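What follows is calculated from the coordinates using simple rules that are stated; it is not laboratory data. A quick note: this is a predicted structure, and the numbers were derived from the prediction, not measured. Here Cβ is always computed from backbone atoms with ideal geometry, including for glycine, and neighbour counts include all displayed protein chains.
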Amino acid sequence: MSDTGVQLKDVKKSFSVVDVIRGVDMEIKRGQFAVFVGPSGCGKSTLLRMIAGLEDTSAGKILIGDRDVTDVDPADRGVAMVFQSYALYPHLSVFENMAFSLRLAKRPKAEVKEKVHEAAQVLQLTEQLDKKPAQLSGGQRQRVAIGRAIVRAPEVFLFDEPLSNLDAELRVQMRLELARLHLKLGATMIYVTHDQVEAMTLADVIFVLQGGYVQQSGAPLDLYEDPSNRFVAGFIGSPSMNFFNATVVARADGRLTARLDGQPDQSFDIAMTTALEPGTPVTLGIRPEHLVVSEGEGMRVTVDVAEELGGVSYQHGTLEGGEAVIFQQIGARHGMHGTVQTILPQTDRIFVFSREGDRIR
Amino acid sequence: MSTAKRRRRELRNAALMVGPFVLILLIFFLYPTYKVIALSFTDAPLIGEGEWIGLANYAKLLNDKLFYTSIWNNFYFVLLTVIPTTVIALLIALAVSKLKGRMQALILTLFFLPYVLPVSVVTLIWAWMLDFQFGILQPLIEAVTGKSVPVFKNPHWVMPMIAVVTIWWTNGFNVLLMIAGLRNIPTDLYEAAALDGATAWQRFWRVTWPLLWPVTALVLTLQLILQLKLFDQVYLLSKGGPFNSSYVVLMQMYREAFQLNNGGYASAIAMVLFLIIVIVSVLQFQLLRIGGRRK
């Protein structure tokens, strides 16, 4: 048995004339927690539904374990799915909801009871087994949906934005529970979300999708520290990265100097392996947490809004050239509203992108 | 403005809006209802006052053989229509809901079309189609039975044929209710069931059927009430014949009231039918609800 959990080979999907998935290759190892993340309409849910078998695959191959399941019925793929709407059967009790697949398979009563109670124990649902879904809270319904998946003991768990119908507090709690559940079960899990915080906190491996392609995949911190294009750089990290147009003015051995278009008296010295000709337009990306207020020279930002979270504050403002800037500060009550602040980036934390959005290293 | 004043104004507005309806209800519904109840205890003709005779009309009814024939025919007709039309509507709704977009709208319209026809036109069409001599359906009947049948003049054929006509006529509405019910079932549930390993039949039996049950129960109850009130089709197609084999309670009431001028007796018949409909439909609805809860 190989250690492949799920593998996609040049998978494509089109709805009549619209191409939704334009060629996706990926490999998820057995037992990994993979997260598909991207803005709405990027095809992440479609891709998940293709793995589940709820959508046909237009081209390419889908493998689960060593089996090619591209044309296999959803029920025979060894996957279980947790839907955003939970998709609980409203006319059945919690017990029957969780026992549904076993009942269909005509398993012996004792086995059904044992498996359902086991799953209910894991999810702390033992008290709720006789209730109908309508009598449960959102978080409990979510757990029943997960329980229904656990009972089937699938090779792969699929989650389609499972937490987006929960309130913020419950979402954080369920996120932790999911992470613990993954550790306990050790099964391969694929999780779709548009929330990059969920992606960062849960994933062993993140796949950032946009426009029907995987933009980049890797461990959460790898994507954060080394994004391969402007889209990924902007999507991963919260608040998102600042982008400034700049022009290369000089280059030296392994370094280049770029001048901000919006504030021509400010330029940065950046370590680069690619040699860019002076005059090349580039985009500089700097994360809010890597901008520091300085006393001397720097980028002059007029602060208009402060988001104060207590532990940290996000100062929103604009450069002289009109470009929006966010920078992070520790603590609160800085009283920067309406003032002009001078900030400087940590120069080893500046990312350079071509104007087309590709990363230049 | 004070609370009391505002409340008074709200009350006035409410009274103004409800008033016309209450007035019409009183004049055209409650008063006639009261009159029917009152009439049923008298020997009054259709027009004019009668003498109070207590329960004599009801006593007479209990000894009226034709009344028992009529009741029997009513329930026979209910048996022939209510469950068949519900099953047919469900099957059509399931098939139509598989279609998409305009095609679905088109087919749905086709099934609904007979429902917009007035009963006189419906019966005329079917009387022609089933005509003993030149009806276009007679060859079909001949193929099955070996000879032409004057269906509305044959005691065995008349009720089933009226049932067929009625189902054809009213089925579209039931299909519409069923489609609405089917659309209310989220597709997620079918997807979840498919992932759980349910076959098409299991998906129907374990998801569609229980979730559609409230609509099915509604259709069954509406149909029961509607079909117990059977009159027009019988009156227009067979006049209750042959040999009273299609005589129904409302036919008898009509004859007593408007042909024999026995207003009091006809009122008593109407009251009894009313009671039967109330009892049977309440009973059925309760039974269906219990059945639904057990699922």
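Summing charges over all other residues whose Cβ lies under 11 Å from the Cβ of B:Ser246, with Lys and Arg as +1 and Asp and Glu as -1, gives +2.
Think of chain B as a dipole: +1 on every Lys or Arg Cβ, -1 on every Asp or Glu Cβ, centred on the Cα centre; then among B:Leu176, B:Leu30, B:Leu189, B:Leu189 lies furthest on the positive end. Once the chain from B:Arg12 to B:Leu275 is taken as fully extended at 0.36 nm per residue, the excess over their C-alpha distance is 91.0 nm.
Here the Gaussian network model covers chain B, with springs between Cα atoms less than 10 Å apart; of B:Ala194, B:Ala56, B:Ala268, B:Ala194 fluctuates the most. Farthest toward the positive end of the dipole of region B:78-189, out of B:Phe111, B:Val82, B:Val164, is the Cα of B:Phe111, where the dipole comes from beta carbon charges about the Cα centre.
Beta bridges per DSSP, both residues in the protein assembly as shown: antiparallel share near 80 percent.
Helices from chain B with mean Kyte-Doolittle at least 1.0 and a Cα length along the axis of 18 Å or more, per DSSP H: which? Counting only whole DSSP H runs, the qualifying helices are B:65-98, B:158-183, B:209-228, B:263-294. Over chain B, dividing the summed -39,500 (n - 2.57) contributions of all DSSP H runs of at least 4 residues by the number of residues returns a 222 nm mean residue ellipticity of -23000 deg cm²/dmol. Under a Gaussian network description of chain B, with springs only between Cα atoms under 10 Å, the residue in B:Leu130, B:Leu66, B:Leu99 that fluctuates furthest is B:Leu99.
Taking the C-alpha atoms only, the angle from helix A:109-122 to the longest principal axis of chain A is near 30 degrees.
Rounded to two decimals, the Cα-based Rg/Rh of region A:145-256, with Kirkwood Rh, is 1.10. Placing +1 on the Cβ of every Lys and Arg and -1 on the Cβ of every Asp and Glu, with nothing else charged, gives region A:129-201 a dipole about its Cα centre of roughly 360 debye.
For chain A, the 222 nm mean residue ellipticity estimated from helices alone, with every DSSP H stretch of n ≥ 4 adding -39500 (n - 2.57) and the total spread over all residues, rounds to -7000 deg cm²/dmol.
Remark on chain A: hydrodynamic radius 22.9 angstrom, per the Kirkwood mean of 1/r across alpha carbon pairs. As a ratio to 2.2 N^0.38 Å, the alpha-carbon radius of gyration computed for region A:68-110 takes the value 1.38.
Amide H to amide H distances under 5 Å link A:Val312 with A:Gly331, where only residues 5 or more positions off or on other chains count and H is placed in the peptide plane.
Its residue count N fixes a reference of 2.2 N^0.38 Å for the protein assembly as shown, and the Cα radius of gyration divided by that reference is 1.44.
So what's Rg/Rh here for region B:1-151, counting alpha carbon atoms and using the Kirkwood radius for Rh? When Rh is taken as the Kirkwood radius, the ratio is 1.17. Neighbour counts of C-beta atoms inside 10 Å place A:Met98, A:Met50, B:Met17 in the sequence B:Met17, A:Met50, A:Met98, starting with the fewest.
The residues packed around A:Leu166, meaning those with a beta-carbon under 13 Å from its beta-carbon, carry a net charge of -2 if Lys and Arg are +1 and Asp and Glu are -1.
Here the mean projected area of the convex hull built on the C-alpha positions of region A:75-232 is 10.2 nm². Summing Lys and Arg as +1 and Asp and Glu as -1 over all other residues whose Cβ lies under 13 Å from the Cβ of A:Gly139 gives a net charge of +1. By other beta-carbon atoms within 10 Å, ranking A:Ser85, A:Ser40, A:Ser45 with the fewest at the front produces A:Ser40, A:Ser85, A:Ser45. Remark on region B:185-271: hydrodynamic radius 16.6 angstrom, per the Kirkwood mean of 1/r across alpha carbon pairs. With a simple spin-label model that places each label point 7 Å from the Cα along the Cα-to-Cβ direction, the separation between B:Phe204 and B:Ile185 comes to 1.0 nm. Springs between Cα atoms under 10 Å define the GNM used for chain B, and in it the highest mean-square fluctuation of B:Ala14, B:Ala200, B:Ala270 occurs at B:Ala14.
Let me spell out the model: positive unit charges on the Cβ of Lys and Arg, negative unit charges on the Cβ of Asp and Glu, origin at the Cα centre of the protein assembly as shown. What dipole size does that give, in debye rounded to 20?
2860 debye
Comparing region A:271-361 with the 2.2 N^0.38 Å rule of thumb, its C-alpha radius of gyration ratio is 1.20 (two decimals). Residue by residue along B:199-207, Cβ atoms of other protein chains within 10 Å of the local Cβ number 2 on average. A dipole drawn for region A:242-360 from +1 and -1 charges on Cβ atoms has a positive end, and of A:Gln266, A:Val325, A:Ala250 the residue lying farthest that way is A:Ala250.
Under the rule a/c < 1.5 gives rounded, and otherwise a/b versus b/c splits prolate from oblate, where does region A:7-84 land using the Cα gyration tensor? In terms of gyration-tensor shape, rounded.
Sorting A:His337, A:His290, A:His316 by the number of Cβ atoms found within 10 Å of their own Cβ, with the fewest placed first, yields A:His337, A:His316, A:His290. For region A:233-268 versus region B:169-211, the inter-centroid distance based on Cα atoms is 58 Å. For the segment A:77-88, counting C-beta atoms of other chains within 10 Å of every residue's C-beta and taking the mean gives 3.
Computed over region A:77-151, the Cα gyration tensor eigenvalues convert (square root of 5λ each) into semi-axes of 18, 14, 11 Å, ordered from largest to smallest.
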